[in-house]
Structures are given as C-alpha cells and as structure tokens.
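*Asks:* Sharing a structure, written as structure tokens. Questions coming.
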Amino acid sequence: MSERFEVRETEYGYGIWDARAGDWWIRRLDMTQRDAEQIVAELRRGEAEL
C-alpha cells in the first residue's frame, strides 16, 4: 500500500500531494522541502491513529 500523502517538487518549490484525492492537499506549492516533509510526517501520524 502506498502512502496517501507525499511530497512533490513543483516549479516553485514543494507541495503535498493527496494520492487518495488525486489532487494537491495543500495549494501552497512554494514551501521548502523540509517544511513539506514535516507536514507529511504529521499527516501520516494522524492517519495511523485513525
């Protein structure tokens, strides 16, 4: 099973892709890779708790 949320590089920086929705989870595509990875880690922890 693949992860629902993943960090993807954009032409402006990085964004968070929601594989289940097939769309960007967050429209802000200009964040740093580190910021995006931290958010994804939190989202994955939340998914695991459900």
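*Asks:* Using Cα atoms only, what is the angle between the long axis of helix 33-49 and the major principal axis of the chain, expressed in degrees (0 to 90) to the nearest 10?
*Replies:* 20
*Asks:* So what is the orientation-averaged projected area of the chain, using the convex hull of its C-alpha atoms, in nm²?
*Replies:* So the mean shadow area of the Cα hull is 3.4 nm².
*Asks:* With a 1.4 Å probe and every protein chain kept in, tell me what percent of the accessible surface of the chain is carbon plus sulfur.
*Replies:* Details: 1780 of 3860 Å².
Looking at the chain in its full context, I get 46 percent from C and S.
The values are calculated or read from the model by the stated rules, or taken from the named source; none is laboratory data. This is a predicted model, so every value here is computed, not measured. Only protein heavy atoms, including side chains, enter the accessible area calculation; ligands, DNA and RNA are left aside. Shrake-Rupley method; radii C 1.70, N 1.55, O 1.52, S 1.80 Å.
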